[in-house]
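After the structure tokens below, expect a handful of questions from me.
The values are calculated or read from the model by the stated rules, or taken from the named source; none is laboratory data. Computed from a predicted structure; not experimentally measured. Here the Cβ positions follow ideal geometry from the backbone for every residue, glycine too, while neighbour counts run over all protein chains shown. Ligands, DNA and RNA are excluded from the accessible area calculation, which covers all protein heavy atoms including side chains. Shrake-Rupley method; radii C 1.70, N 1.55, O 1.52, S 1.80 Å.
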Amino acid sequence: QELMDAPAKASAPRLPRYERHVQPCLAELLGTALFIFTGCLAALEPPAGTGRLQPALAHGLALAVTVAVLGDI
């Protein structure tokens, strides 16, 4: 009986189309472009002896910089 007397909660307002669809797609596009760019640059001319370490460190550094810069968003 008490559940029936409780007022109905208001639903959360719907987000605009830009925030629901466009913003996540742009973020995915920029993130993918950043990783492809850093990966290609890291593997362009590998110095002797680094092997797979240089591209791995380049991707890790790109991710760390992205989180540090855009972490508040």
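Being more than 15 Å from the chain's Cα centre (by Cα), surrounded by 14 or more Cβ atoms within 10 Å (Cβ to Cβ) and assigned to a helix (DSSP H, G or I) is the requirement here; does G39 meet it? Steps first, please.
Details: more than 15 Å from the chain's Cα centre (by Cα): yes; surrounded by 14 or more Cβ atoms within 10 Å (Cβ to Cβ): yes; assigned to a helix (DSSP H, G or I): yes.
Considered against the rule, which asks whether it is more than 15 Å from the chain's Cα centre (by Cα), surrounded by 14 or more Cβ atoms within 10 Å (Cβ to Cβ) and assigned to a helix (DSSP H, G or I), G39 comes out as yes.
Given the conditions (1) in a loop (DSSP other than H, G, I, E, B); (2) open to solvent by less than 70 Å² (accessible area, probe 1.4 Å), and given that A48 satisfies all but one, which numbered condition is not satisfied?
The single condition A48 does not satisfy is (2).
Still on this structure, please answer the following. Out of curiosity, is P13 open to solvent by 60 Å² or more (accessible area, probe 1.4 Å) and modelled with pLDDT under 80?
yes
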